[in-house]
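See structure below.
The values are calculated or read from the model by the stated rules, or taken from the named source; none is laboratory data. Since we're looking at a predicted model, the values are computed, not measured. No Cβ is skipped: glycine too gets one built from the backbone with ideal geometry, and neighbour counts run over all protein chains shown.
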Amino acid sequence: MLGTECERLAQTSERSTELRRFTAEMNFFFCVFFLVATYGFSEGIIREYSYQEHPQGVNWDTAQRHCRYYFKDLATVTTAKEHQRLVGTNSGTETGWIGWNKKPRSSWKWSDEQPVSFLKWKSNLPYFDLWKTCSALEDGYLINDDCFEKYNFYCYRYLILVNESKTWEEALEHCDTHYTMLASLANVTQRQQASLELMLSQTEGVWAGLRFMDGQWFWLSEDPVRSLDSLPSCPARPYHCGAINITTNSWENRDCNEKRNFLCHWGCKLSVAIIIEYSYHHNNDYINWNHAQFYCRIHYKDLATLNTFKDYQLIAEVEKPNLSGWIGLYRENVANNIWKWSDGQPPSLVNWETGWPLVRSSDAKKNCSILLNGRFKNDPCYENHPFYCYRHLILVNESKTWEKALQYCNINYRGLAALPFANQVSRAKEELKLSQTDSVWTGLRFMNGNWFWLNGEPIDTGNPNGTLLSLPECPAKPYCCGAFNTKTNIWENRDCNETLNFLCWM
């Protein structure tokens, strides 16, 4: 049944919102219960919230990327108790992004696709505004705002109490194998959030990611060590492992060979390579900067951002000589000549043409930027030009079947990646070397007598100059899914039920 639905989804550009929500819910509950049943006799699974500070704040997308890499995702709240716990991480007074958002051509939803069951809006909110499509926590309530505003943010991950008794080393191995790591409770807020789970422990002491080595106590998470006054500064062997006593609520140094229940953190630190891809777009009439920005945000990530030497090298591969094209840099403040990128990033390496930007009073309307032969110029935003978009290619180092990879990319990113052109494959080769499987799944599928890309890009396996010449015209089932072999650099038709690493668009 799932296979049939995935094939239908692959043929349909507009996916059913209801089906995607159902798939996300089933994926979440299956994953949690599978972990509980298979890996750890887990009596307690809660969301642990963490407030992340940034000196200037960040936009919503940047916050999401950070949380998905270092935790699990931006904060999701499904109950009143979770909301109370989230507010308690920072008293809820500082404005901070959370996961509630609305993407173009989509409905409001949580970043991790969890079902909506609890929302505590500030009075007279939300605003029904086309641009205020991301949410933050402010004074203990939800507000919605422009996703390009800059705030601190709240992440979450799961805290798992495993009611199986193991030595400290065995607990460490168990958490590393089945979750993310042995949990560190480095601050008071984390300990308060863990208190409900600790009450379910079957042993009085519970192992955590705290260890004495080389003359000092340290957390496995590399968080700073504070408030450990109950621990000796130089414990005798083998009392070098940290446990929390659930009766006294204090830290103890215990014999590392004792067997105790333990706490694991579970995030999803899976995406190990992020590749930036630029693309050039034009039509017969060209378009203005705002229309170009809208197009890029719908079909890609945003108008092109260039902040590193590598970015300039990558865009040079698609740049059209002597033809100007819009990029994402625009003047936010004319009086002070302050520029920023469309995706919210601050400019750090701006390659202006000599004598530019033009800042005379007569140039007050020249607030948008074009790229011409590797250098920037500013032009009125209402002028018409071709334009450059960008998006990220994500290598996910988790092995899944083709259909499960498709499901994962649809839920967490923008879809399973298509690489129809040789230059796309060439640019991705270095990052693809980080794959843990020789081949990686892509958005390439054989169905109804044809090979096709999920995003509708044209395909021609019979072209001697084409990238897919190595694929058979009519593969036998179940060898109907397309993968790229990172060792031989050729395309392969593979058994769709194989489990491989895979590429997603973001």
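Return yes or no: is Tyr330 at pLDDT below 90 and aromatic (Phe, Trp, Tyr)? No. Selection of first residues in region 110-121 that are closer than 13 Å to Tyr156 by Cα and in the same structural domain as Thr133 (by TED's automatic domain parsing) and of second residues that are of a type in the set (Lys, Arg) and part of a loop (DSSP other than H, G, I, E, B), restricted to Cβ pairs under 8 Å at least 6 apart or on distinct chains, gives the following pairs, ordered by first then second residue: Asp112/Lys72.
Can you find a residue that is within 31 Å of the chain's Cα centre (by Cα) and crowded, with 22+ Cβ neighbours inside 10 Å anywhere in region 349-366? Checked region 349-366: no residue is within 31 Å of the chain's Cα centre (by Cα) and crowded, with 22+ Cβ neighbours inside 10 Å. What do you reckon, is Tyr51 surrounded by fewer than 23 Cβ atoms within 10 Å (Cβ to Cβ), modelled with pLDDT under 85, hydroxyl-bearing (Ser, Thr, Tyr) and in contact with a Gly (Cβ under 9 Å, 6 or more places away or on another chain)? No, not satisfied.
What about Arg375, is it without any contact (Cβ under 8 Å) to a residue 40 or more places away in the chain and on the phi < 0 side of the Ramachandran plot? So Arg375 fits the description; yes. In the condition set (1) in a loop (DSSP other than H, G, I, E, B); (2) modelled with pLDDT of 80 or more; (3) more than 21 Å from Thr89 (Cβ to Cβ), Arg211 is compliant with all but (1).
Of the residues making up region 414-451, those that are within 24 Å of the chain's Cα centre (by Cα) and part of a strand (DSSP E or B) are Gly415, Leu416, Ser439, Val440, Trp441, Thr442, Gly443, Leu444. For residues that are touching a strand residue (DSSP E or B) at 6+ places or on another chain (Cβ under 6 Å) and among the polar types (S, T, N, Q), scanning just region 41-83, find the one that is farthest from Asn152 (Cα to Cα). Among those residues, the one meeting the criterion is Ser42.
For region 164-200, the set of residues classified as surrounded by fewer than 16 Cβ atoms within 10 Å (Cβ to Cβ), under 29 Å from the mean Cα position of the chain (by Cα) and outside any helix (DSSP H, G or I) consists of Asn187 only.
Arg360 fulfils the conditions (1) in contact with an Asp or Glu (Cβ under 9 Å, 6 or more places away or on another chain); (2) farther than 19 Å from Asp343 by Cβ except for a single criterion, (1).
Total residues in region 295-313 satisfying the condition of being buried (at least 21 other Cβ atoms within 10 Å of the Cβ) and in a loop (DSSP other than H, G, I, E, B): the figure is 5.
Among the residues making up region 478-493, those that are touching a Phe, Trp or Tyr at 6+ places or on another chain (Cβ under 9 Å) and either buried (at least 20 other Cβ atoms within 10 Å of the Cβ) or outside any strand (DSSP E or B) (or both) are Tyr479, Cys480, Cys481, Gly482, Ala483, Phe484, Trp491, Asn493.
Within region 333-348, restricting attention to residues that are in a loop (DSSP other than H, G, I, E, B) and surrounded by 13 or more Cβ atoms within 10 Å (Cβ to Cβ), the residue that is modelled with the highest pLDDT is Ser342. Look at region 199-221: where a residue is within 17 Å of Glu164 (Cβ to Cβ) and in the same structural domain as Ser250 (by TED's automatic domain parsing) and a partner is of a type in the set (D, E, K, R) and assigned to a loop (DSSP other than H, G, I, E, B), sitting 6+ places away or on another chain with Cβ atoms under 9 Å, you get Thr203/Glu258; Thr203/Lys259; Gly205/Glu258; Trp207/Glu258.
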